[in-house]
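The values are calculated or read from the model by the stated rules, or taken from the named source; none is laboratory data. For clarity, every value in this text was computed on a predicted model and none was experimentally measured. Glycine gets a Cβ as well: all are built from the backbone with ideal geometry, and neighbour counts include every protein chain shown. Remember, those area values only see protein heavy atoms, side chains included, never the ligands or the DNA or RNA. Shrake-Rupley method; radii C 1.70, N 1.55, O 1.52, S 1.80 Å.
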Amino acid sequence: MTHRPVCLPADAPVSKAARLMRDQAIGDVLVTRDDRLCGLVTDRDIVVRAVAEARDADSTPLGALCTSDLVTARPDQDVEDVIRLMRERAVRRVPVVVDGRPVGIVSLGDMALENRPSSPLSEISGAPPNG
């Protein structure tokens, strides 16, 4: 799990999320309302839901394009259970929450590193970013 995930409020502009993703070499930002998780936006969401639709990145709020139907996990949840959720819901990222507040995020790469450290996916996931 990645601790202390990057979070932005739902009214933050898409451009702010894009800059954070670039500067921190990450592919997602958790979206919050009153410090509670309400969505997740990925770099792909920005391309498909904002850029391709010619939305203004400085005025479009994250809440307008984030995915809000999220599957979440608890910090003490069994790894196999999280993998099952990822498989069933076909998701690559699962926010980890406590009382509705984000405390981390688990990615498909995290799961590969945990369960199969010598697999090709683990090697790719463990490599430094190339950007």
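Scanning the range 48-60 for residues that are more than 18 Å from residue 91 (Cβ to Cβ) and of a type outside the set (Ser, Thr, Tyr) turns up 50, 51, 52, 53, 54, 55, 56, 57, 58. Residue count for the range 79-131 satisfying the condition of being at pLDDT 90 or above and more than 17 Å from the chain's Cα centre (by Cα): 4.
Please verify whether residue 34 is at pLDDT 95 or above, charged (D, E, K, R) and under 12 Å from the mean Cα position of the chain (by Cα), treating the condition exactly as stated. Taking the combined requirement at face value, the residue does not satisfy it.
When 27, 39 are screened for being small (Gly, Ala, Ser), modelled with pLDDT under 95 and under 20 Å from residue 70 (Cβ atoms), only 27 passes. Taken together, the residues in the range 4-25 that are of a type in the set (Val, Ile, Thr) and crowded, with 17+ Cβ neighbours inside 10 Å amount to 1.
Within the set 76, 69, the sole residue that is within 16 Å of the chain's Cα centre (by Cα), without any contact (Cβ under 8 Å) to a residue 60 or more places away in the chain, in a loop (DSSP other than H, G, I, E, B) and under 19 Å from residue 97 (Cα atoms) turns out to be 69.
Quick test of your reading of the structure: residue 111 fulfils all but one of (1) more than 18 Å from residue 4 (Cβ to Cβ); (2) open to solvent by 30 Å² or more (accessible area, probe 1.4 Å); (3) not acidic (Asp, Glu). Name the failing condition by number. Residue 111 satisfies all of (1) more than 18 Å from residue 4 (Cβ to Cβ); (2) open to solvent by 30 Å² or more (accessible area, probe 1.4 Å); (3) not acidic (Asp, Glu) except (2). Within the option set 81, 45, 56, 28, being among the acidic types (Asp, Glu) and open to solvent by 80 Å² or more (accessible area, probe 1.4 Å) holds for one residue only, 56.
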